[in-house]
Amino acid sequence: MKHNHSIAVISDIHSNVYALEAVLQDIDSRGIQAIVNLGDTLFGPIAPVETAQLLMNRPSIVSIMGNCDRYLLQDHFESPTYEYVKPLLGQEVLDWLRTFQKSYVYEDALFCHGTPFADDAYLMERVAPYGTDDKSVTELMIELAAVPQKIIVCGHTHVQRSMWLPDGKWIVNPGSVGLPAYFEETPYPHSMESMTPHAKYAVLQQQDDGWKLEQVLLPYDCEQAAQKAEAAGRMDYAHAIRTGRAEL
């Protein structure tokens, strides 16, 4: 029985060490050894250094470079979150961030942050002047035609979902460990909301007849995380962490 391999997929921690601790504990309790982190790990006003330390102590975790990880490696970036986090990061943490991969392949699964081609683009959704909607099945099949893997596991939107395409490809988003909603100005103002405060991740288990997917919603002490965000002056993070909704 070769096919019984489980992979826990975490994404978009955004410095929420309290959610991350709960998720890692849950993964450990299941006896899962393989963990892939889809990125956007430290960019948040809660506990970036503690988040880095927790993950650096687990060198077996495969980490992928999210757009927000990339911003932290830049000398300048216009963002209050960048201005909060960047001065806290020492050389050791920055060197660790530089080891993050663009993408990762395990057998017929491709792991990336946004899409296989861009770390700052949504894969299943389109952002338009009127808000967000879903890309069509045809659009997605064309966009992913050059990707040989059958399963594309992506983060970035913070919303847990999956979509099966008629050509046999399967897109999976594990949601966000630490930030269940946000408001974004670009390319047009829009909110992404998971509608619950849970810490979210996914478990992919390889079986003889294909992959089994389990989307996990985990309760944790979100009030502690929200208060840390408030102490840093970030009411938007605090509201999202408590409710799973973005402030309008």
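The values are calculated or read from the model by the stated rules, or taken from the named source; none is laboratory data. The structure presented is a predicted model; accordingly, all values stated were derived computationally and were not measured. All Cβ positions, even for glycine, are placed from backbone atoms using ideal geometry, and neighbour counts span all protein chains on display. Just the protein is used for accessible areas: all its heavy atoms, side chains included, with ligands, DNA and RNA removed. Shrake-Rupley method; radii C 1.70, N 1.55, O 1.52, S 1.80 Å.
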*Of all residues making up the stretch 35-63, the number that are in contact (Cβ under 8 Å) with a residue 60 or more places away in the chain and in a strand (DSSP E or B)*: 1
*asked:* Would you confirm whether or not the stretch 34-57 contains a residue that is open to solvent by 10 Å² or more (accessible area, probe 1.4 Å), within 16 Å of the chain's Cα centre (by Cα) and under 27 Å from Ala238 (Cβ atoms)?
replied: yes
_Condition first: closer than 15 Å to Tyr201 by Cα, open to solvent by 40 Å² or more (accessible area, probe 1.4 Å) and not in a helix (DSSP H, G or I). Can you find one or more residues in the stretch 11-30 that meet it?_
yes
*Given the structure, is Ile171 farther than 23 Å from Gly44 by Cβ, in contact with a Cys (Cβ under 9 Å, 6 or more places away or on another chain) and in contact (Cβ under 8 Å) with a residue 40 or more places away in the chain?*
yes
*When you go through (1) closer than 26 Å to Ala8 by Cα; (2) of a type in the set (S, T, N, Q); (3) modelled with pLDDT under 95 one by one for Ser162, which number turns out not to apply?*
(3)
_Residue ranges of strands (runs of 3 or more DSSP E) in the stretch 101-159 with at least 3 members in contact (Cβ under 8 Å) with a residue 24 or more places away in the chain and closer than 20 Å to Ser11 by Cβ_ = 104-106, 109-111, 151-153
*Only residues that are surrounded by 12 or more Cβ atoms within 10 Å (Cβ to Cβ), of a type outside the set (A, V, I, L, M, F, W, C) and modelled with pLDDT of 95 or more: list them for the stretch 127-138, please.*
Asp134, Lys135
*In the stretch 18-33, how many residues are free of Cβ contacts under 8 Å to residues at least 40 places away in the same chain and at negative phi?*
5
*Gly233 being small (Gly, Ala, Ser) and closer than 16 Å to Ala121 by Cβ*: no
*Which one of the conditions (1) touching a residue at least 40 places away in the same chain (Cβ under 8 Å); (2) open to solvent by less than 10 Å² (accessible area, probe 1.4 Å) does Arg70 fail to meet, given that it meets all the rest?*
(2)
*Enumeration of residues in the stretch 162-217 that are assigned to a loop (DSSP other than H, G, I, E, B), open to solvent by 10 Å² or more (accessible area, probe 1.4 Å) and in contact with a strand residue (DSSP E or B) (Cβ under 7 Å, 6 or more places away or on another chain)*: Lys169, Pro187, Tyr188, Ser194, Thr196, His198
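Going residue by residue through the stretch 206-213, is there one that turns out to be farther than 25 Å from Ile171 by Cα, touching a residue at least 12 places away in the same chain (Cβ under 8 Å) and of a type in the set (Phe, Trp, Tyr)?
Checking the stretch 206-213: not a single residue is farther than 25 Å from Ile171 by Cα, touching a residue at least 12 places away in the same chain (Cβ under 8 Å) and of a type in the set (Phe, Trp, Tyr).
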*Consider Leu97 against the criteria (1) at pLDDT below 95; (2) open to solvent by less than 20 Å² (accessible area, probe 1.4 Å); (3) of a type outside the set (Val, Ile, Thr): it satisfies all of them except one. Which criterion is unmet?*
(1)
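Would you check which residues across the stretch 48-71 are within 18 Å of His158 (Cβ to Cβ) and among the hydrophobic types (A, V, I, L, M, F, W, C) and list them? Reasoning before the result, please.
Pass one, the stretch 48-71, residues within 18 Å of His158 (Cβ to Cβ): 48, 51, 63-71.
Those that are within 18 Å of His158 (Cβ to Cβ) and among the hydrophobic types (A, V, I, L, M, F, W, C): Ile64, Met65, Cys68.
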*So which residues in the stretch 225-238 are surrounded by 19 or more Cβ atoms within 10 Å (Cβ to Cβ) and part of a helix (DSSP H, G or I), if there are any at all?*
Ala225, Ala226, Lys228, Ala229, Tyr237, Ala238
